[in-house]
């Protein structure tokens, strides 16, 4: 009966097949299946740390985080869910329907806990904590939220936080950013997001096939982001914002000796808290507002410098020895350049360089400009930090622009005429600067010849950056140049006919320069850029009022700020 | 001679113990009556052992005489199930008794084997040679096929495609072992295989689904493919040494359905790993081999065919169950003999093994 041997072989073959398949599953694919098995039953519940705080120079909190509580549940089968949502609604005092809708809307996949209620208060969180003992599928998760104790104060410096957008995500994916991460937009929040950012910790829990919580497998505490200390002085910032409030424009206050920004304001401003509360109507309003409140006018907008630019002219002419202290021009209210009449805003009579600065005489500077030449004006403007970004830490800084004959030739195929030089001499034409740039330029005359690089970050975590950030570049003008221009700037205030004579009533001796920028539409922009106290400058101030009228208006605002500062003993 | 009794007893006891351990591990955390299920299984095992000992002492030749009676009783119960069986898991396989459910198809398989063994080992009165060598196509194939087809049809109607096809396989195998001409056997196989595409339309939806899912479990990962996927994960995640008894997340957290019945191998394999599974396969192989050895050394052709039939039944059940656990065979509702929870399966297996031992014990008589 040899037919029977076949069965022996068959049985051995069958067992061999089983063995081979077993080896394939266990040994060859074992690791893969172990992972699959883990992903079946292990759920990760992320827990956020707090974003780093933002402090002022004295360590006072400008922005911190406040803990709110979210309620999450592990997805599981429906009858269980109804029961849990029922008791949740009793404890939270929310309709079951609402919870169900929230569950449906936030449900992502069966392996991810679903948020059913967010932002519940501490009392309810404690009540829920007791209920959790009998229903462990509920997760009460503390979630730190950005908290702005001063509302919109320094909003442009700080920026706001929001869910990451697609563009940032593609850029930052490699650094561990994920969809739905909260990241900074604008200001310090954006630029220093990497440091401010908290690290996610979390629980890993085991669930059964119905998604029911079984036990906690592990916990890694989340870690908070690093605190960032700014050079801003909260008191000055408050004064500045209170004064600016209601005027479209921007104010920069900096320390001319180091480049530290002490106050930086831009108006209209916004309250970053609306992004935390996700109040979509208000957010849409911010984006659609024609006055663009989200733009930091101090660094991202540029305006014609107008008469403030005359300082550049004066230094160029003095340096190139085209004029000296005794050079005079006669202002008859206008002057002919080529075939065109260029007028001054007043009849000033005989003007030397100091009085021309003090009275802001246009004719003097038309003439001086023609002596110096447009290319030289451009070069000196660059030496004083214009037409290039100041290398400031906040994002979206504009570089401003100073035209030159060469640029005109290359880019516009047009020649440069003396009239253009005259226009440039009084800071009109294509010339554009940001308030920060002008403040930085003024610092050169306040500190006796050093171009600072303005900065606003004093320390990140425990690391103090101020020593590294303080970069002073010698401009290299003659001492007499600084002296002469300094005198001119002082006379702007002290001279009875000086354009900023209103400031002479202050206790502090102020020096500075006003400007009235003509724009194609609407009222002129008003500038005042100056420093104080005159003999030992501690502050540079730059006030810009968009469509604010004549430079006088800006000097009035500056006067209010300086007055308030001296009243509070800050000077 | 008594060796085979002891050997099989020891092998069976080891496998049964592993089975109880696995049943315990997959049900001890559940609530209610589930918790005691391993105790019930132990009770069945004890009853089974008693049956085993009794059967090993009852001369198997009596089965020759009782053959028609056994076949008739089996058919009766199958009809009974057909008429008033209880429906569980979408199938009508069980009869409700006082405190347990009785699954006649488990015993029907054995009855059919006894019947076939008797049918093919009839001798001619003149020259004591086997009649089966002289069978024509009607007596050799068609008549016995009708006897197999009736219970098979009833079982498939339950529906229990696995057990039904199992009968067919054993029938073909036994045909092969007798002296029926190969020509006839191949004709039968051809006749059975050719209309398979036609039968497709007669399959239940879930059966079609299972076959499709067998080809690609991922077409329906949460429905019909779920069990196979979870079972493969359970087996694979065991790795070389397994995750240990009472650990292993697939069975402990109930991701694996039927973890104490049809898919008990996956439960076992997750906890005991590759090495444990090899040991289990070896134990089964040894029992089946013992069955073949008994069959080979038995002179009596009825005993021989019966021993082969029983061994083959056991081998096929073990193979198909483990293969479906690993996803290399379609999912059919077949228990793993001696391991899976279920009184009928345990009793039928013990009785079959008892008969096997008795064949070995009695063979010298003839």
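Computed from the coordinates by the stated procedures, all read-outs in this text should not be read as laboratory data. All of these numbers come straight from a predicted model, not from anything done at the bench. Methodologically, a virtual Cβ is constructed for each residue, glycine included, from the backbone with ideal geometry; neighbour enumeration extends over all protein chains shown.
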Convex hull volume of the range B:219-366 per residue (C-alpha atoms, cubic angstrom): 109
For chain B, built as a Gaussian network whose Cα springs stay under 10 Å, the top-fluctuating residue of B:103, B:230, B:29: B:29
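Can you sort A:321, A:513 by how many other beta carbons sit within 10 Å, fewest first?
Fewest to most other Cβ atoms nearby, the residues stand as A:321, A:513.
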Cα pair distances exceeding 27 angstrom across the range A:1-146, given as percent: 50
Can you put A:420, B:360, A:242 in order of Cβ neighbours within 10 angstrom, beginning with the fewest? A:242, A:420, B:360
Inter-chain shielding metric for A:35-45, i.e. average beta-carbon neighbours from other chains within 10 angstrom, reads 4
Average partner coverage of A:12-21, which counts Cβ from other chains inside 10 Å: 6
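With the contact rule set at Cα under 8 Å and sequence spacing of 6 or more, what percent relative contact order holds for the range B:2-365?
26
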What is the Cα radius of gyration of the range A:69-147 over 2.2 N^0.38 Å, N being its residue count? 1.02
Cα gyration tensor, the range B:297-340 - rounded (a/c under 1.5), prolate or oblate: prolate
Name the residue, out of B:175, B:281, B:338, whose mean-square fluctuation peaks in a Gaussian network model built on chain B with Cα pairs under 10 Å. B:281
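Under the classification rounded if a/c is under 1.5, otherwise prolate if a/b is larger than b/c and oblate if not, where does the range A:246-338 fall, given a ≥ b ≥ c as square roots of the Cα gyration tensor eigenvalues? Could you put the intermediate results ahead of the total?
Working: a/c = 4.66, a/b = 2.34, b/c = 1.99.
Note, shape of the range A:246-338 comes out prolate.
Is the C-alpha gyration tensor of the protein assembly as shown telling us rounded, prolate or oblate? Criteria: a/c under 1.5 is rounded; beyond that, a/b larger than b/c is prolate, otherwise oblate. Display every interim value, and only then the final one.
Details: a/c = 4.63, a/b = 3.68, b/c = 1.26.
Prolate, since a/c reaches 1.5 and a/b exceeds b/c.
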In whole Å, what is the distance between the alpha-carbon centres of the range A:302-340 and the range A:353-388? 5
For chain A, find the longest principal axis of its Cα atoms and tell me its angle to the long axis of helix A:122-132, 0 to 90°, nearest 10. 20
Any idea what angle helix A:234-244 forms with the longest principal axis of chain A, computed on alpha-carbon atoms, 0 to 90 degrees, nearest 10? 60
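Students often check this: by mean Cβ neighbours within 10 Å, which of A:441-453, A:361-373, B:288-300 ranks highest, and how do the rest follow?
A:361-373, A:441-453, B:288-300
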List the residues of the range A:258-272 whose backbone N lies under 19 Å from a point placed 7 Å from the Cα of residue A:508 along the Cα-to-Cβ direction. A:258-266
Kirkwood-type radius of the range A:125-213, with distances r between different C-alpha atoms, in Å: 16.0
Helix B:143-157 vs. chain B, principal-axis angle (Cα, 0 to 90°, nearest 10): 20
Inter-label distance, nm, simple model (7 Å from Cα along the C-beta direction), residue A:350/residue A:536: 3.9
Rounded to one decimal in nm, the spacing of the 7 Å Cα→Cβ label points at residue A:171 and residue A:474 is 3.8
At 7 Å along the Cα-to-beta-carbon direction for both residue B:211 and residue A:216, put a label point, then send me their distance in nm to one decimal. 5.3
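Just to check, using Stokes-Einstein with a Kirkwood Rh over alpha carbon pairs, what's the diffusion coefficient of the range B:156-202 at 25 °C and 0.890 mPa s in µm²/s?
After rounding, the answer is 208 µm²/s.
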Could you list A:199, B:258 so that the one with the fewest beta carbons within 10 Å of its beta carbon is first and the one with the most is last? A:199, B:258
Average partner coverage of A:201-207, which counts Cβ from other chains inside 10 Å: 1
Kindly provide the Kirkwood hydrodynamic radius of chain B in Å, to one decimal, from all pairs of distinct alpha carbon atoms. 21.2
Compute the length gained on full extension between residue B:246 and residue B:14: take 0.36 nm times their separation in residues and subtract their Cα-Cα distance, giving the result in nm to one decimal. 81.7 nm
